[in-house]
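Asker: Below: one structure in structure tokens.
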Amino acid sequence: MYAALYRLGIGAYLLWLLLTVLLILGRYTPVPSFQAVHLGVVAGAAVLTLIGAARLLRKGYGRATRLLNERS
């Protein structure tokens, strides 16, 4: 189960990278740009931000509880 979720996450990340490259090409070259590409980049950035914030909170909570347990 973990391996399947890991592969899904890697695939979604690679798709987001591809969409980011397409957005840059659409903005700075004559390649046509699509609204769906912009939406995909924004949605991917939001998801990655939420995942990063959750990991930081989890790590910080673990450190805080470990410090409190050491002082007790």
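Asker: Exactly one of these conditions fails for Gly11: (1) open to solvent by 50 Å² or more (accessible area, probe 1.4 Å); (2) small (Gly, Ala, Ser); (3) assigned to a helix (DSSP H, G or I). Give me its number.
Answerer: For Gly11, the exception is condition (1).
Asker: Something else about it: Any residue in the range 43-72 that is closer than 18 Å to Ala12 by Cα sitting within a Cβ distance under 6 Å of a residue that is assigned to a helix (DSSP H, G or I) and open to solvent by less than 100 Å² (accessible area, probe 1.4 Å)? List the pairs, counting only those 6 or more apart or interchain.
Answerer: Taking only residues 6 or more apart or on different chains, the pairs are Gly44/Trp16.
Asker: Which of the residues spanning the range 14-38 are loosely packed, with under 13 Cβ neighbours inside 10 Å and β-branched (Val, Ile, Thr)?
Answerer: Val21, Thr29, Val31
Asker: Determine whether the range 10-22 contains at least one residue that is over 16 Å from the mean Cα position of the chain (by Cα) and modelled with pLDDT of 95 or more. Spell out how you get there, then give the answer.
Answerer: Here is the first cut: in the range 10-22, the residues over 16 Å from the mean Cα position of the chain (by Cα) are 22.
Imposing the further condition that a residue be modelled with pLDDT of 95 or more reduces the set to 22.
The answer is yes, given that some residue of the range 10-22 is over 16 Å from the mean Cα position of the chain (by Cα) and modelled with pLDDT of 95 or more.
The values are calculated or read from the model by the stated rules, or taken from the named source; none is laboratory data. Only a predicted model underlies this, so the values are computations on that prediction, with no experimental measurement involved. Glycine gets a Cβ as well: all are built from the backbone with ideal geometry, and neighbour counts include every protein chain shown. Protein only, heavy atoms only, side chains kept; ligands, DNA and RNA dropped before computing areas. Shrake-Rupley method; radii C 1.70, N 1.55, O 1.52, S 1.80 Å.
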